[in-house]
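Here the structure is laid out as structure tokens; the discussion comes afterwards.
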Amino acid sequence: MSETVRTHHRVRASELVGRNWLNTGGKSLDLEALRGKIVLLDFWTFCCINCLHVLDELRPLEEKYSDVLVTVGVHSPKFEHEADPVALAAAVERYEIHHPVLDDPELETWKAYTARAWPTLVVIDPEGYIVAHLSGEGHADGLSVLIPELITQHEAKGTLHRGNGPYVAPEPTSGTLRFPGKALFLPAGRGTSAAGTSASGTSDGAAPGAGSWLVTDTGHHRLVELDTDFHTVLRTYGSGTKGHADGPGADVDSVKPTAQFNEPQGLVLLPEDVAARTGYDVVIADSVNHRLRGLSLADGTVSTLAGNGVQRLLETGPARVDEDAAGFTGRLSDHPLDVALSSPWDVVWSAKLNAVVVAMAGVHQIFSFDPISGAVSIVAGNGLEGLLDGAAHEAWFAQSSGLAEDADGNIWVADSETSALRKLVIDDDGTVIVESAVGKGLFDFGFRDGPAAEARLQHPLGVTVLPDGSVAVADTYNGAVRRYDPATGTVSTLARGLAEPSDVIVDHTHVAGSEPLLVVVEANKHQLVYVPIPKEAQQVDEGAVQTHRPKSPVAPGTLELTVRFTAPTGQKLDDRWGDPTQLKISSTPPELLVAGGGTSVGLQRTLELSSGVPDGVLHITARAAACDGPETADGEIPDHAACHLYQQDWGIPVVLQADGDTELVLDLRGMD
């Protein structure tokens, strides 16, 4: 349908209840204080990449309608660490959130608004009634139509109040670095320290030939090259202004840097022979720009290597997925600047694939980029969010955020949303098999050492391979560095008490025979620190837990699933090639779902749940395609209309009980 459908009944918005408020100057807010404004509730959690996408989607709307629109972030934590008020305050600063945030650690407001997924958006009109309930990303276009409609309606009624909102900026806490993301060692001869001078031409205490460290200064939207003391700044790359621009990135020969990044994350140094052919040395995962960038260390020039700047949605674009003797290739394009990417978070060089491997966090997949040919391919993952091993094209990932190559050419993966350590086993012919070393699923985490099957991590972001072949993990939300030993199949703890470590790298600057060290990027203390690798690691068992989120009671047997979707005003469902909606359904454990799984068109499905499984998770992906423009005389969508794909993945924890629900209703885009 082309018009927004609203029911005749009006639902009063529930009060905003939580532990505390941020970005309000210490004041508490309630709906009465917001009466007269259009209120947009954004239910989010700071671990969630989709939530971070929505923050950026909303910024233009917040700026354009600043006198009538008040966004309220309702932080409803998934992980235990996210319920820490200090960690939440750091996240609000890190992601430059310029609206009030309600700290809702007990999920009181989450439950009052029947949120079932991160992110969820709820629109409240100036009189305090709910007018829209939206799940997932990609709703900015619909909101840009709905908000003017509400402005016109309530100005006519005299119920709209213009003026400043309640946002009060907090005091900044960072120093030279601001929420650094990843680090990369630059050996002697490839970084500024080879000359022993800083960008200003002074020695600044740098040791010639000792190498240096290149850090993504994520919160300052730039790169910083540090001496091995972690304090002396040798050079910076990028203007420090959020954005996307190529060109001079460093003050070399008095040329002012104009290159721009937007929350850069992972870094990889190309082999020298590859760098000589491409003209750049370092590949950067420029996360919010949805691009891969190149940096020439010789002159500081920054270039764009891959990505058109448009956030990729699953299975958009001309993908060619081939299954042949070489295994799953998933080649997307030989024209890298035309390809849509989604929040690339880390990069590593693969000797076996002869390419840069990319953790494409936003679509839960692993990509590759060939610097010589420019080819962009899918290495592993079908885009469904969760933990599933097997052949590359069947595997599930969940916001993979850290990568490292081992001596055998396999790639270790820090899979953050499943709190897992995964492994890409790459055969000589390029065939990839996905295995899990540590981790159980989307809602299982903890802090426990011991046998890998029982060990638990909590939202890890970084990984590196130690000299003995074991694997160190930046266990971010546990504030620890953990070690997995493949030889014994056990997990131990190397260090604790760190402030959200986001990366871990083996130190390369100490002489042979000395105790090896790790370099840890301590994001929430805005610094790099050395951590020794003890011969006997600590042993920790603080338990295994599940996400603090209520399980939905459902009855065994028949469960009727309905996903509601209403196209925004000015859009029409794109039915030119049949039903433009689709559901993909599976479960963990697989035995939970007796019937009704798989992929088919339509947004309604009858499921059959097993009576022999006490609880589990239903994995549901809903999609709908709609196109812009007025309808033609015959009611058809006009040629060349702009079209949009709406998609949301739900992982819904359920508990089976006789008096449980027999219906499940979800909103992809529901209007009241």
The relative contact order of the chain, taking Cα pairs under 8 Å that sit 6 or more residues apart, comes to a percentage of 10 percent
Too long for a 23 Å Cα-Cα cut-off, among K27/K551; K64/K242; K551/K584, are K27/K551
Neighbour-count ranking for K182, K423 (other C-beta within 10 angstrom, fewest to most) reads K423, K182
Extend 7 Å from the Cα of A544 along its Cα-to-C-beta direction; within the stretch 484-503, residues with backbone N under 20 Å of that point are 484-494
The aspartates and glutamates whose Cα lies under 18 Å from the Cα of K256, excluding any fewer than 8 residues away in the same chain, are E225, D246, D299
Around V347 (Cβ within 15 Å, Cβ-to-Cβ, excluding V347; K/R +1, D/E -1) the net charge comes to -4
Cβ density ranking, 10 Å radius, fewest first, applied to R564, R277 yields R277, R564
Quick calc: nm separation of the 7 Å Cα→Cβ label points for D659 and D427 -> 5.5 nm
Measuring from its Cα centre, the stretch 1-173 shows a charge dipole (+1 at each Lys and Arg Cβ, -1 at each Asp and Glu Cβ) which, in debye to the nearest 20, is 460 debye
Expected unfolding gain across R277-D84 under the 0.36 nm per residue rule, minus the alpha-carbon gap, is 64.7 nm
In this structure, the FRET efficiency calculated for K256 and E636 from their beta-carbon separation, with R0 = 56 Å, to the nearest 0.05, is 0.60
Here the net charge surrounding I505, from other residues whose Cβ is less than 13 Å away from its Cβ (Lys, Arg +1; Asp, Glu -1), is -4
If R0 = 22 Å, then W577 and T599, at their Cβ-Cβ distance, give a FRET efficiency to the nearest 0.05 of 0.85
Computed about the Cα centre, the charge dipole of the chain from +1 Lys/Arg and -1 Asp/Glu charges at the Cβ has a magnitude in debye, to the nearest 20, of 1000 debye
Descending packing, highest mean Cβ count within 10 Å first, for 498-507, 368-377, 394-403, 552-561 is 394-403, 498-507, 368-377, 552-561
Counted neighbours (other Cβ, 10 Å), sorted fewest up, put T581, T258 in the order T258, T581
If every Lys and Arg gets +1 and every Asp and Glu gets -1 at its Cβ, then about the Cα centre the stretch 551-672 yields a dipole, in debye to the nearest 20, of 300 debye
Scanning the chain, every Cys lacking a C-beta partner under 4.7 angstrom -> C47
Sorted on mean Cβ neighbours within 10 Å (highest first), peptides 218-230, 167-179 come out as 218-230, 167-179
One would report the antiparallel percent of DSSP beta bridges in the chain, rounded to the nearest 5, as 90 percent
Checking rank on 135-143, 115-123, 658-666, with mean other Cβ inside 10 Å and highest first, the result is 115-123, 135-143, 658-666
Checked against the positive end of the charge dipole of the chain (+1 on Cβ of Lys and Arg, -1 on Cβ of Asp and Glu, about the Cα centre), the farthest of I620, W577, N164 is N164
Normalised Cα Rg of the stretch 1-91, dividing by 2.2 N^0.38 Å with N its residue count, works out at 1.25
Projected onto the charge dipole of the chain (unit charges on the beta-carbon of Lys, Arg, Asp and Glu, signs +1, +1, -1, -1), the Cα from T173, M671, G294 with the largest positive-side position is that of T173
Length gained if D468 through D389 is fully extended, taking 0.36 nm per residue and subtracting the Cα-Cα distance, is 25.9 nm
Between the alpha carbon centres of the stretch 69-104 and the stretch 461-512 the gap in Å comes to 28 Å
Cross-link reach from K157 to aspartates and glutamates, straight Cα distance under 14 Å and at least 8 residues apart if same chain, gives D125, E127, E149
If the chain between E106 and A298 were fully extended at 0.36 nm per residue, the gain over the current Cα-Cα distance would be 63.9 nm
Among the stretch 386-402, those whose backbone N falls under 11 Å of a label point 7 Å along Cα→Cβ from E591 are none
Here, R162 and E608, labelled 7 Å along Cα→Cβ, have an inter-label distance in nm of 6.1 nm
Out of V425, G390, A361 - ranked by how far each Cα lies towards the positive end of the dipole of the chain, with unit charges on the beta-carbon of charged residues - the top one is A361
Given pairs K352/K423; K182/K525; K352/K440; K440/K525 and cut-off 20 Å on Cα-Cα distance, the over-length ones are K352/K440; K440/K525
One point scatterer per Cα, no solvent, Debye formula: log10 I(q)/I(0) for the chain at q = 0.10, 0.11 Å⁻¹ comes out as -0.96, -1.17
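No value in this document is a laboratory result; all are computed from the given coordinates. In this text, all values refer to a predicted model and were calculated from it rather than measured experimentally. Note that we place each Cβ from the backbone using ideal geometry, even for glycine, and neighbour counts take in every protein chain shown.
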